Amino acid sequence: MVIELLKGIHFVSYVEAISLGVQAGTHPWMLYDIISNAAGNSWIFKNYIPYLLQGKKIKDDFLNTSVQDLGTVLDTAKSLIFPLPLMVAAHQQFL
């Protein structure tokens, strides 16, 4: 559950970061190279962001599974009365 929380937030934050950099005029592959060799790198970044940068679609099973897994994380947090505002925002982006 903790890993799913991190995976969801990381994926959404990477997409936002790359999008912001591109909007500011930086080439997406330059951003990829910089992040890949910096503290912001992760397995999620190295394994999913290249697909997006190549114009490929992320597999529907990843997206569908992520929506379900993140929903489970949110349900568990709700039952524990534990707020997860970043997870809520990431889940909404997946939806």
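The values are calculated or read from the model by the stated rules, or taken from the named source; none is laboratory data. This structure is a prediction, so every number in the text was calculated from the model and none was measured. All Cβ positions, glycine included, derive from the backbone under ideal geometry; neighbour counts span all protein chains shown. SASA here: full protein model, heavy atoms, side chains in, ligands and nucleic acids out. Shrake-Rupley method; radii C 1.70, N 1.55, O 1.52, S 1.80 Å.
Output the DSSP H helices from the chain with an along-axis C-alpha extent of no less than 30 Å and a mean Kyte-Doolittle hydropathy no less than -0.5. Mind dumping the intermediate values first?
Details: long enough: 2-23 (32 Å, 1.14).
Within the chain the helices that satisfy the rule are 2-23.
Over 26 Å between Cα atoms, which of Lys7/Lys57; Lys57/Lys78; Lys7/Lys78 qualify? Can you show the working numbers first?
On the way: Lys7/Lys57 18 Å; Lys57/Lys78 32 Å; Lys7/Lys78 19 Å.
From the list (Lys7/Lys57; Lys57/Lys78; Lys7/Lys78), the Cα-Cα distance tops 26 Å for Lys57/Lys78.
Please compute the length gained on full extension between Gln23 and Phe62, using 0.36 nm multiplied by the number of residues separating them and subtracting their Cα-Cα distance. Please list the in-between numbers first.
On the way: separation 39, 0.36 × 39 = 14.04 nm, distance 2.62 nm.
Here the answer is 11.4 nm.
Taking only protein heavy atoms into account and a 1.4 Å probe, give the accessible area per residue of the chain in Å². Display every interim value, and only then the final one.
Details: 6300 Å² over 95 residues.
For the chain, the per-residue accessible area is 66 Å².
Hey, in the GNM for the chain with a 10 angstrom Cα cutoff, which one of Tyr51, Tyr14, Tyr32 fluctuates hardest?
Tyr51
Please go through the stretch 26-95 and write out the trypsin sites (Lys or Arg not before Pro) that DSSP classes as loop and that have at most 12 other C-beta atoms within 10 Å. List each step's numbers first, then the result.
Numbers: sites: Lys46, Lys56, Lys57, Lys59, Lys78; in loops: Lys56, Lys57, Lys59.
Those satisfying the criteria are Lys56, Lys57, Lys59.
For Rg/Rh (Cα atoms, Kirkwood Rh), one of (i) 1.21; (ii) 1.10; (iii) 1.01 was computed from the structure I shared and the rest are decoys. Which label?
(iii)
Express in whole angstrom the spacing between the alpha-carbon centres of the stretch 1-39 and the stretch 52-84.
Centre-to-centre distance over Cα atoms comes out at 17 Å.
With +1 on each Lys and Arg Cβ and -1 on each Asp and Glu Cβ, how big is the dipole of the stretch 26-95 about its Cα centre, in debye rounded to the nearest 20? It would help to have the intermediate numbers written out before the result.
Numbers: 5 positive and 5 negative charges, 22 e Å.
Magnitude of the dipole: close to 100 debye.
Could you check how much of the accessible area of the chain is carbon and sulfur, as a whole percent, using a 1.4 Å probe?
On the way: 3910 of 6300 Å².
Here it works out to 62 percent.
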